[in-house]
Structures are given as C-alpha cells and as structure tokens.
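S.K.: The structure follows.
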Amino acid sequence: MKWEIVIGLETHVQLSTASKIFSGAPTAFGAVPNTQASAVDIALPGVLPVLNKGAVERAIRFGLAVNATINRRSVFARKNYFYPDLPKGYQISQYELPIISGGKLNIVVGEQQKTVRLTRAHLEEDAGKSLHENFQEVTGIDLNRAGTPLLEIVSEPDMRSAVEAVAYAKALHRLVVEDIEICDGNMQEGSFRCDANVSVRPFGSDKLGTRCEIKNLNSFRFLERAIEFETQRQIDLIEDGGTVVQETRLYDPDRDETRSMRSKEDAMDYRYFPDPDLPPLVVSEEEINRVHSQMPQPLDAIRTNYESKLKITANTAALLTTSRDKAGFFDKTVSELDPLTFPGIVEATANATIGEFSGFMNSAKLEFSKSPITPREWAKLQTRVADGTISEKSRKDLLKAMFAGEGSVDELIEKRGLTQISDVATVEKIVDRIIAANPKSVEEFKVGKEKAFNALVGQVMKATQGRANPAQVNELLKKKLGG
Amino acid sequence: MLNLTIKQLRAELAAKRVSSIEVARYFLQRIGTLQPVYNALISIDEEKSLAQARAADRLIAAGSASPLIGIPILHKDIFCAKGWRTTCGSKMLADFVAPYDAHVVERFNVAGAVVLGKTNMDEFAMGSSNETSFYGAVKNPWDVERVPGGSSGGSAAAVAARLAPAATGTDTGGSIRQPAALSGVCGLKPTYGVCSRYGMIAFASSLDQAGPFAKTAEDLALLLNTMAGFDARDSTSLERTPEDYARNLGRPVNGLRIGLPKEFFTAGMDSGVAQAIETALAEFRKLGCEPVEVSLPNMKLAVPVYYVLAPAEASSNLARYDGVRYGYRAPEYADLTDMYKKTRAQGFGAEVKRRILIGTYVLSHGYYDAYYLQAQKLRHLIADDFVAAFKQCDVILGPTAPTTAFKLGEKSADPVQMYLSDIYTIPANLAGLPAMSIPCGFDDKGLPVGLQIIGDYFAEARMLNIAHQYQQATDWHARLPPGMKE
C-alpha cells in the first residue's frame, strides 16, 4: 500500500510592534515577570481593548507579499475558554471574517519549485506563559506575553512530506523576518511557532484522511521529526487495522515521539462571537496603497535583479539575498565599484562577499549593517586588487587586518608595504633566480608534471612576500621554461 | 440644604454662603444616619471625601467657576474609583480596591465634584430591584418595605432620600430609568457611545451606558455635560463635537410631535401607572405638544431578544472573575478546575449564575445560530421600528415601568416576572437610543410613577428641553418622600 502524506501548517507569527495589540504595554522579550502587563492585559474589571494600528499595517504587508485578498472589512471575535494564562477568560481573535484571505507562497524543495496555497491569515492576541518548572508544586503565571500581537497564518494542506513542510516553514520565516520585516523570527523566544496538521491517505485517493494536530513546534528540526514520527504512527496504526482518532498531540523531543494532548471528545467549544468592544476593522484603499508604497523591494526581486542586471550567477545571487541586511550591504558596495574599468569586479565582489566576508561576519556574529568594514572600504579593497595594486593573497591578509580594526585599506597597504610588484624587470630577476635555484622542479616540469610548475610559482610568490602578480609570474615562467 | 438642586447648591457655594467642606459634612451626616434605614451605599470613606472637599474649596478660592465644584456625588459601585473598594455589588469583588479611575469618575473629579461614597446595586448590574446585591437589598425611601428598582437602586434611593444631589448609574436594560421611576427621581441613559465605558465594570458591552441621577432635568443636563465625551480608551466611544446639553432647556415645546407607541399602551400597565401617564400626556397637550400615534411592531420581541444577547455578552465579560489575579478565591480547592468551580460557585449570586448559564448556552455550538445570531437580527428590526417612528414624531413618550415599586421579595421567586419589569425600557437599549425617566405622579398607595421620554440618536438636549418645560409646569419632581422635611 502506497501512502500519501497530507500536511497543512498553522503558523503563529509574533508581530514586531513596540506595544501590544490591544494595550500600550511593551512587547520586549525577557523582562521580569509581570512587569509588562498593563491593566488591560491583566483584565482588571472595567478595562477595554484598543487596537494597535501597527499590527494592522503588518498584516496588510503580509497580505500584499503573498498576493492574498485583503478584506476591507474584518471582525474581531472572542474565543472563550478558561486558563490561568488567559486573563480575560477569552482571547480576542478573528473567526468568520479574517483580515487576509487566500494567498500563496513559493517554496523550493531540492531542485523542485512548488507553490503552497494559503487559506487565510488573521490577527489575534497571544496568551501569557505558564511556567511549570522552578516553582515548588505550583505553576507560575507570567503575563508579560499576554496581548502580544500575533498573525496566525493558515496554509492549505498542500504539503506532501516533512521536507516540504520544513521548506514551507523556512520560506515563510524568511518572508516575515528578512523580507517584509514584520517579525523578529526568534524561534527560541517563541516569535515563530508552527502547528502541523498531519493525515495520511492511500495514494491516488482524493478524500482526506483523519488528521491530527501537533502543536507548538518551535524549531525546524522538531517540525521535521514530529511530522515524520506522526506520519509513521498513523500509517502503522491503519495498517494494523486501527483508525486514526482526530486529536491534538504534542511532540516530545527527548523521546522523539508525539503524544496525545486532547481527544475530540474533550474538544473545546469556544463559543465564538463578535467582540462587542471592538468595531469591525475597516481597511481603506488609501491605507493599502500607503503600506504598499512603503514596502521595500521583495528579496526575490532583488535576487532576480542581481542575476539579470548584474550578471551574477543564480547560486551566488540566492546566497546574497538570504537577508535584507546582507543584500543591502552588497548594494552599497556595488555602488562604489567601477565595472566599466574593471570588468568582472562585481561578480568577484559578490563571490567574496558570500565567501570570506560572510565568514568573518558569521564568526563575529555580526549583522552586515554593523560591519567594522564599511561598504566603501570593501569596495576599495576589491578595486585595489582589480587595478593591480595588491595581489589576491594580500587581499586575504588585508581583509583579516581590517576586520581586526588595524586601519583602512590604503593605510594598511602603505604600512605593510604591500604594493604589488608590477615592475616586470624586478619580477623577472626573481623568476630567473628561482629557476636557477630549483633545477629538479624545472626538469619535472619539462617532463610534464604540472605540480612542478605550481611549485615554482609558489617559490616566486614566497620570494616576493606574496606581492608579485601571480598572472605575471605564470607568464614569465612559461616564457622562460619554453612551455 | 437637603432639597437644593445642583444649580442652587452651586450658587450657594459660588456666593460663599456655604463651603464645600460644610456641604460634604452635611450630606455625610445624612448618609451616616440613613444608611441603616435604606442601605443605599456600600462604601463610605469620610477622609477621602473631606480631602476632596478641601481641594474643591481651594479651587473656589482660586476663582474657578466650573459648574460642579464642591457638589457632592455618589457613584454606583460599578465604576472603578482609585483607592475605593469597587465591589459591583458582589462577593467576588468584596476586597477589590480599584487602582485606577473610570473615565466618568475622572471627569467628575476634574470638575471638582466631591465623591461621598459608592452606592449599592444589583450584583454585576443584573436585576431590577436591587435585591441581588451581596450587600443586602436597598429600601425605597417612599416605602421601606418596597424595592427602589434596579440595578442602580442605591443611586436612585440615595437621590430620593436626599443623601446627595447627584449620583451616577448604568443602564443596560433600564437600570437607570426603572429605579428612577420607582424611586421618584430623574434619570437619563444617553445615546450608546456618548459616555465612555472605560472603568465601568462590563455587564453587556453593546448595551451598557453610564448616566446621571438628579432631582431635576436641568441638573441632569449639568451632570451629562461633565460625563459625556470621547475617550480613546473605549473603542466604542464616539468622537463628536462637544455639546451643551442645557442649551435648549428654555425652548418652548408647542408644536413638538409626541409619539405614543400603541404597543406601550395595551394592557400590561397597572392602573395607577396608566392614570398618571394619562395626566402627564394631558399636561403635554396643554404645553402645545401634538400627540401622534406610532407603532413599534417588533416591541414584543424586545425582552426575549435582550435576554439572549445580554446574558451572552455577560457570560464572556464575567469569565475574568476566576480567582486567579484578584478578587475572591475559594479558600480550599483540590486543583485548578476545582478552584475555578468553587470560586465562581461561591463568589457569584444566583441571578448572576443564571445569566452566565443562559449566555453560555445561547453561544454554544449548535445553538448559536438559533439564539444568538437570530437575536442579533431581530435587534436590528427593533431599532428600525424606532427609525420609522421618528419620521412621524420628535420624541416618544410612555410609561417607564409597568408597575410602581413592588414589595421586597414579591418578584424574586420568579425571574421571568422580574425580567418583565423592563418591558418598556429594554427597546431603547437594543436600539442604542437615548431615554430618560422623570416623575409624573403617584398611584393610590402614594408610590411614584415615572414617565419615559425616548429620543432619536443624540437628541438628549431636546429630551431635556421637554422634561424641563414639563417640570416648570408641574411639581411631581419636587415632592419629598414621607417623613422628610426641607
């Protein structure tokens, strides 16, 4: 029996507003418990919610980015249930009329491109936190998180494997964090949480099997593992003659298994009804146009521009646009380069940026916008190599020194006397000397051993402290050895 | 001093014939003496009151002429007042000291009024007789064996007993107007959205409105001027150009068309009420008003619609009273669920529980469409009836309540009988229209009868105009309860 796996994801994205969705309390993570919960968040008698416009703007931005319908009229609804971290005894959410309907997200799985359709996205408030550890036999309630704005994004059940689900989750993460910048994406802090709806069916069937929901997966790794375990559990169950019960499950990373949390019998009736304290949310054309005009160019568009306009390879362009931070740095660098005088410098800089430059930034755990080397200096370094002032090898050393803050490009070239020896006569003299000093290598080369040639080049470079132009050395050696 | 209107008292204070401190002490003394008789108050705090009175006197000395400086006021215990116990008439909030002021309370404080106490009320504003309060029933100053009406029974009784010239109340299904009628005072519920609900403990959010109690329509206008106005903290608060509700009091009313809904005048009213209303209508004809028969055909649906929608919203609004963060918590419990159950079973009274259960039921899966959704649709029909009626008349008149004050315990055994006390008041809440009640006579037992005036949206100034003109020609509003002398 061949099985098809059907997966849909619900993702809760914490929106990056400074204050909460219905109160003015701050949303910053990590504060002392219960110091960022206002009267409204604690649900004192008599308080009322007031909508944060910044949350609405971010929802609109998302809708525009995924080509969804932005509903001109949407309604806030109360989702009623009792739990200590839900102060009002209800969560303000959106039910029948969400702000966003439809939409799609393009994902890449290996070599394949796929489009995942979205069902909807709606605004709601986050609950507080229940802390079970660190308290003697009681549970601590921290209401700092209560009222943080969330955008709940629901996908259609379009994914067919754990790998696809992770690709979708990663693409969505990149979109909301790097591209339209509505979320800080910190999964450890709970800024981006996925619930996976998983079911299986015989391959070829168009009827959906009974699904289980796995809640609160806060890493891509757990997402993948949980789905893999769950699909196997369901397949085994059915093949053994059982039936899948619709229920909510949790993933246990220590045991790498999913466990039942609530069954359908205990399913909650949330008694949704429109919240009478909030008027319907009406979004105007002007507002949508304004949000649209303020949106930065999508990262995918920047990537295709790099490919088409700057003639950068697809792979390099993709790596340059994994974050707006990096792409922005690269753009500023490019504006200081002169590709007319130095053809190929843009491609070379692109490669070096995703290569060594990124290496240094990653080690130092820095954002590109906080780089100790400015785009202008980086461009200058690349130009000094292109115009022959310094050699490739010197570039590597200089980059290291610049990261360490030892000085600017020109200062270091001056200080270290790194100016490339381009005077042919000088280089020729050294080449002659090396040829004379290494008869064995010369013999081996003449017999056909390429390695011997490289050894001679190496010797010349060493003798010039790396300041000779390798291309020039190559040329001279070949001429003199008659190759 | 006990029978002075706000306007008259302000004149005394402005002329320095009396000080705010003297006024405060005078009324605090009355309150202290009569509290055991009427049980109109839940909280009194002389120190706080006198401190406010001193501040008012400083304002007067500095030359401030704001209309309410030094005027004593009582707030229904549903309004959060900073530093005051705010119980909402419930055991659930018996020890809750509000850390902030409701918008309405703030406005009065800024205007220089002096808070003399928090008044008794039906628990969580659910009731029509002030018998569901955890703090005991309030007695009607006209007959202490009878109810003052509810849920703002304490505020109505307090003004009737001259414990203060001004009080605040809230009206969700008639809770200002009905006690005003039964206690022989004036009470007004403004258009929905005119007074901010911030800090006003919620019962049914789409119906609740704050409003004033006083002895005259003119005083109501003064109080409304202070209470009304936009508040950004309430998303249902309306942003409008501020108006002076007293500006039209002196206008003659001849030619005004008075709508008389035939559904208000079919059998249902006690004869004593019917007679007083007839006499009042004759008075309006003398003033030159023209009676017009109008119809509100969906009026019979008003009480059932209300008793689906109000409990539904209440069941959700009262979910926060769970013993976790503030308020009552059961002293012993086995686990979380047990704590919730015991806290709410012990903390809430029977009527509150009844309405929470009804509300939960009508919102639950499988019943939502048949009850809640249907009631919302019918609500629109009821509102549309008024829109049509106001095309033919300028105001609508009728009785406020079907009976005069009933005896304590008379209706508490039958909730539905109690609910029918609100039959004439509920429609205005469902439509969001302004409505008020003023005294218009007495029945043969000497119990007050209230006349209801319902206006079109934002027509408070016109309503107060009519009421004021009526009060120039009559003196029902000036009568004192038995045993009380000027």
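Where a number appears in this text, it was derived from the coordinates with a stated rule and is not lab data. Treat the numbers as computed from the prediction; the structure is a model and nothing was measured. Using ideal geometry, Cβ is built from the backbone for each residue, glycine included, and neighbour counts are taken over all protein chains shown.
S.K.: Between A:S293 and A:D184, 0.36 nm times their residue separation minus their Cα-Cα distance comes to what?
M.R.: 37.0 nm
S.K.: Listing B:T236, A:T333, A:T35, A:T210 from the residue with the fewest other Cβ atoms within 10 Å to the one with the most, what is the order?
M.R.: Ordered from fewest to most neighbouring Cβ atoms within 10 Å, B:T236, A:T333, A:T35, A:T210 come out as A:T35, A:T210, B:T236, A:T333.
S.K.: Residue separation times 0.36 nm, minus the C-alpha to C-alpha distance between A:V108 and A:E475: what's the value?
M.R.: Residue separation times 0.36 nm, minus the Cα-Cα distance, leaves 127.6 nm.
S.K.: Hey, got the dipole for the range A:3-290? About the Cα centre, +1 on K and R Cβ, -1 on D and E Cβ, debye to the nearest 20?
M.R.: Computed about the Cα centre, the dipole is about 620 debye.
S.K.: Taking the Cα atoms of chain A, what is the range of coordinates along each of the three principal axes, in descending order and whole Å?
M.R.: Sorted largest first, the three principal extents are 92, 55, 52 Å.
S.K.: Quick check: convex hull over the Cα atoms of the protein assembly as shown, volume per residue in Å³, rounded to an integer?
M.R.: Cα convex hull per residue, to the nearest whole number: 242 Å³.
S.K.: Right, next: Full-extension gain between A:R117 and A:S308, please, as 0.36 nm times their residue separation minus the C-alpha to C-alpha distance.
M.R.: Difference between extended and current length: 66.0 nm.
S.K.: Indicate, rounded to the nearest 5 percent, the antiparallel portion of the DSSP beta bridges found entirely in chain B.
M.R.: 65 percent
S.K.: Provide a whole-number value for the mean count of partner chain Cβ atoms within 10 Å of the Cβ atoms in peptide B:196-208.
M.R.: 3
S.K.: Report the relative contact order of the range B:229-293, percent, no decimals, based on alpha-carbon pairs under 8 angstrom and at least 6 residues apart.
M.R.: 39 percent
S.K.: Could you give the distance between the Cα centres of the range A:179-208 and the range B:209-248, to the whole Å?
M.R.: The range A:179-208 and the range B:209-248 have Cα centres spaced 51 Å from each other.
S.K.: Which of B:M92, B:M484, B:M121, A:M1 comes first, and how do the rest follow, when ranked by fewest Cβ neighbours within 10 Å?
M.R.: Exposure proxy ranking, most exposed first: A:M1, B:M484, B:M92, B:M121.
S.K.: Would you order A:L143, B:L336 from fewest to most other beta-carbon atoms within 10 Å of each residue's own beta-carbon?
M.R.: Least to most surrounded, the residues fall as B:L336, A:L143.
S.K.: All other residues with a Cβ under 13 Å from the Cβ of A:E224 taken together, and with Lys, Arg as +1 and Asp, Glu as -1, what is their net charge?
M.R.: That sum, taken over residues with Cβ under 13 Å, equals -1.
S.K.: With unit charges on the beta carbon (Lys/Arg positive, Asp/Glu negative), name the residue among B:T403, B:Q417, B:A388 whose Cα is farthest towards the positive pole of the charge dipole of the range B:355-429.
M.R.: B:Q417
S.K.: Calculate one ³J(HN,Hα) per residue across the range B:88-96 by plugging θ = phi - 60° into the Karplus curve 6.51 cos²θ - 1.76 cosθ + 1.60, and present them in order as whole Hz with x for glycine and proline.
M.R.: With coefficients 6.51, -1.76 and 1.60, one gets 6, x, 10, 5, 4, 10, 4, 10, 7 Hz.
S.K.: Along the three principal axes, how long is the range A:1-110 when you take its alpha carbons, biggest first, rounded to the nearest angstrom?
M.R.: 56, 37, 30 Å, listed from the longest principal axis down.
S.K.: Continuing with this model, one more query. In chain A, if the dipole is taken from +1 on Lys/Arg beta carbons and -1 on Asp/Glu beta carbons about the Cα centre, which of A:M1, A:L123, A:V66 is farthest to the positive end?
M.R.: Result: A:V66.
S.K.: I would also like to ask the following. Which percent, to the nearest 5, of DSSP beta bridges fully inside the range B:6-256 are antiparallel?
M.R.: Among the beta bridges of the range B:6-256, antiparallel pairing accounts for roughly 65 percent.
S.K.: Quick one: divide the alpha-carbon radius of gyration of chain B by 2.2 N^0.38 Å and tell me what you get.
M.R.: 0.92
S.K.: Between B:T266 and B:V292, what FRET efficiency follows from the Cβ-Cβ distance if R0 is 25 Å, with the result rounded to 0.05?
M.R.: 0.90
S.K.: Give me the one-decimal nm value for the distance between modelled label points at B:L336 and A:E239, 7 Å along each residue's Cα-to-Cβ direction.
M.R.: In this crude label model, B:L336 to A:E239 measures out at 3.8 nm.
S.K.: Still on this structure, I have one more. How many nm is it between the label spots at B:A61 and A:S219, if each spot is 7 Å from the Cα in line with the beta carbon?
M.R.: Using points 7 Å along Cα→Cβ, the separation is 7.0 nm.
S.K.: Then there's this: Between B:T33 and A:S130, what FRET efficiency follows from the Cβ-Cβ distance if R0 is 35 Å, with the result rounded to 0.05?
M.R.: Between B:T33 and A:S130 the formula returns 0.10.
S.K.: Moving to a separate point now. Which residue, chosen from A:A301, A:S335, A:S394, occupies the Cα position most advanced towards the positive end of the dipole of the range A:297-416, where the dipole is computed from +1 (Lys, Arg) and -1 (Asp, Glu) charges on Cβ about the Cα centre?
M.R.: A:A301
S.K.: If I histogram all Cα-Cα distances within the range A:3-290 using bins 10 Å wide from 0, what percent of pairs lands in each bin?
M.R.: In order of increasing distance, the bins hold 6, 26, 34, 24, 8, 1 percent.
S.K.: Right, here's the next one. Okay, helix-only estimate at 222 nm for chain B: each DSSP H run of n ≥ 4 adds -39500 (n - 2.57), divide by all residues, round to 500 deg cm²/dmol; what do you get?
M.R.: -11500 deg cm²/dmol
S.K.: Suppose R0 equals 41 Å. What FRET efficiency, 1/(1 + (r/R0)^6) with r the Cβ-Cβ distance, do B:Q275 and B:Q376 give to the nearest 0.05?
M.R.: 0.60
S.K.: Can you compute the label reach from B:A350? Point 7 Å from Cα along the Cβ direction, backbone N cut-off under 18 Å, restricted to the range B:407-424.
M.R.: The answer is B:407-421.
S.K.: I've got another one for you. Among the DSSP beta bridges whose two residues both lie in the protein assembly as shown, what percent are antiparallel, rounded to the nearest 5?
M.R.: 80 percent
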